[in-house]
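Participant: Dropping the structure in here first, questions after.
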């Protein structure tokens, strides 16, 4: 009797073991089958051509820098997505790849279509191309529409338009406002250009202290020109107490990034340090650049 019971238990255990094994195989096989399934054309287009400047991009994938676009793969995926009737994001991405491939006329058409469908970063790029063709009024209008959605590029370009009078009357106060909005959104060029306006004081009141603050903000974000100009302000004591050591550190940072002016400045400072004792005070003054001599 005991032998029959043991045999029965052994059989049951064998069946359970087989069942568990089958379930394990099934559990392994299901994800594998999913992994093997082809990616949708729209998703592949998002994966291959998403832009870091596009607030509407598919966040499931990392953005792709223009220089890293795999044009053949991206073009195939985005064309297929477009032909399947995907949305304006894929249309913009197709335009992006076409432009990178040198097919500017087709890119222009795709940007126009995506812009008409309300895609913000497409509006900005389409506006730039219209501006290159001389249609600055439409260019300006598109920057306004795109900026209203919170697009950083549009905010910056709107600042440039107001500063330089592109498609609208020049307005320094509005230019500064849009540069500041871009700066708040972590755009280093917005911070730098606002700093320049505050530094120069030609379109808005000069404010050296605020200029230094925005130069520092842009410099911290890697803007080399901001490093140079902040170095000059530290050297001259504009908007702050003069600090030659901090100025030299700023020039050194810019020089490390290949800035020719900063490299020349560092070399000159090294020579000046060695020769200061033999240079008359009036000659030493000539070693300091005025604002009009700065690189902006």
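Participant: Give the residues of region 106-163 that are within 27 Å of residue 82 (Cα to Cα) and in a loop (DSSP other than H, G, I, E, B), sorted by residue number.
Facilitator: Result: 117, 118, 119, 133, 148, 149, 150, 151.
Participant: Filter region 268-280 for residues that are out of contact with any helix residue (DSSP H, G or I) (no Cβ under 9 Å at 6 or more places or on another chain) and under 20 Å from residue 232 (Cβ atoms); which is modelled with the lowest pLDDT?
Facilitator: 273
Participant: If you go through region 217-248, how many residues are closer than 25 Å to residue 181 by Cβ and either outside the structural domain of residue 260 (by TED's automatic domain parsing) or crowded, with 20+ Cβ neighbours inside 10 Å (or both)?
Facilitator: Matching residues across region 217-248 total 12.
The values are calculated or read from the model by the stated rules, or taken from the named source; none is laboratory data. These numbers come from a predicted model, not from an experiment. Here Cβ is always computed from backbone atoms with ideal geometry, including for glycine, and neighbour counts include all displayed protein chains.
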